[in-house]
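Working notes, structure below.
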Amino acid sequence: MRYEIIYLVGGSQEANLEEIKKTVEKVITDFSGVWEEKEWTESKKLAYKIKKDNQGTYVARRFGLEEKTNIVEMKKQLSLLPEVLRFMISKTDDLPENYPGEIVEKKDAEKQPAKIGEEEKEPKKETPKEELVSEEKDVKMKEEDIDKKLEEILNI
């Protein structure tokens, strides 16, 4: 099975970031995990303080694991690391192949859905003036028909 770990290192520990990465890697490899090459790191301001840190660096990396029973023990070992403020391990089945900010090939970009809040835009078709005039006449005729029907219903 393929998994992904994302963990948060406090801003006060950024000087030791490489050592912390190696420690996390060692925990995963001790439980027969095999690392993939890609790694994603990003420093951000936290929404609230965690252990007196309001800055942090997120690190995400994927790995393969033969026995999923090792996940429980792995989580116990990771929770004992004081440098790692938070962590999460998830299956990569439902995750996209690319990390945020990576350049996506054109073929993959076409397959990806629109971002949340964005609607797919269709190119506007220019309609000739003749069609617009005929549509306006149809609207006026429909309005007259509606008025007649209203008069009949209301007995005016």
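What Kirkwood Rh does segment 2-100 have if only Cα atoms enter the pairwise 1/r average? Answer in Å. If you can, show how the numbers build up before the last one.
Working: mean 1/r = 0.0719 Å⁻¹.
One decimal place: 13.9 Å for the Kirkwood radius.
Could you tell me which of the pairs K49/K76; K22/K75; K38/K68; K22/K76; K45/K91; K45/K76 are separated by over 25 angstrom between their Cα atoms in the structure shown? The answer is K45/K91; K45/K76. Each residue of segment 42-56 was assigned a 3J(HN,Hα) from its phi angle through the Karplus curve 6.51 cos²θ - 1.76 cosθ + 1.60 (θ = phi - 60°); the sequence is 8, 8, 9, 7, 7, 5, 8, 6, 10, 6, 6, 10, 10, 10, x Hz, with glycine and proline shown as x. Highest mean packing comes first when the peptides 6-13, 62-69 are listed by Cβ atoms within 10 Å, giving 6-13, 62-69.
We did not get these values from a lab; they are worked out from the coordinates using the rules stated. Keep in mind the model is a prediction, meaning the values are calculated, not measured. Every residue, glycine as well, gets a Cβ built from its backbone with ideal geometry; the counts of neighbours run over all protein chains shown.
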